[in-house]
Amino acid sequence: MVNGVADWKVLLIGGASSAGKTTLAYAVAAANGAEVLSLDPLRDGRLEEELAAPATWMRSPDEIVALIVAADEAFAASLAEQVEAARGDAKARDRR
């Protein structure tokens with residue numbers, strides 16, 4: 001903290017399902033005047049489903065890696081869009 005203001009730019013909160021990550025994120029954000037960017041809406045579950053399918057593991061290692069990389073690239077693109085939107089929202093509020 002610097003003069004009562006958090007001196008961090010990004011705080012990542014991770015943990016198990018139903019551990020209270022979202023509740024904690026909103027409490028920390030409210031206490032520090034920060035934004036919450038949830039990644040939950042960005043996950044579509046397809047990778048988890050595909051990795052859970054036994055047939056997936058019959059593929060070659062290269063095919064499995066390609067599957068994971070493709071999912072990661074799609075997630076990164078969605079995340080970038082969400083970050084830009086959140087930044088735009090924060091800038092708009094600052095101008096008011």
(message) I'd like the residue in the range 17-33 that is assigned to a helix (DSSP H, G or I) and of a type in the set (A, V, I, L, M, F, W, C) and, out of all such residues, is farthest from Ala92 (Cα to Cα).
(response) Leu24
(request) Please go through the range 7-45 and pick out each residue that is within 20 Å of Glu73 (Cα to Cα) and over 16 Å from the mean Cα position of the chain (by Cα). (result) none
(request) Please determine, by comparing only the residues of the range 44-96 that are surrounded by 10 or more Cβ atoms within 10 Å (Cβ to Cβ) and basic (Lys, Arg), which one is nearest to Lys9 (Cα to Cα). (result) Arg87
(request) Give the residues of the range 34-43 that are surrounded by 13 or more Cβ atoms within 10 Å (Cβ to Cβ) and in a helix (DSSP H, G or I), sorted by residue number. (result) Leu42
(request) Run Gly88 past the list (1) at pLDDT below 80; (2) in a helix (DSSP H, G or I) and report the number of the one that doesn't hold. (result) (1)
(message) Checking the structure you have, find out if any residue of the range 47-67 is touching a residue at least 40 places away in the same chain (Cβ under 8 Å) and in a helix (DSSP H, G or I).
(response) no
(request) Consider only pairs whose beta carbons are under 9 Å apart and that are at least six residues apart or on different chains; among these, list those whose first residue lies in the range 9-26 and is at pLDDT below 85 and whose second residue is part of a helix (DSSP H, G or I) and of a type in the set (Lys, Arg). (result) Gly14/Lys21; Gly15/Lys21
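The values are calculated or read from the model by the stated rules, or taken from the named source; none is laboratory data. Note that the structure is a prediction, hence the values are computed from the model and not measured. Positions of Cβ are backbone-derived with ideal geometry, glycine not excepted, and every protein chain shown enters the neighbour counts.
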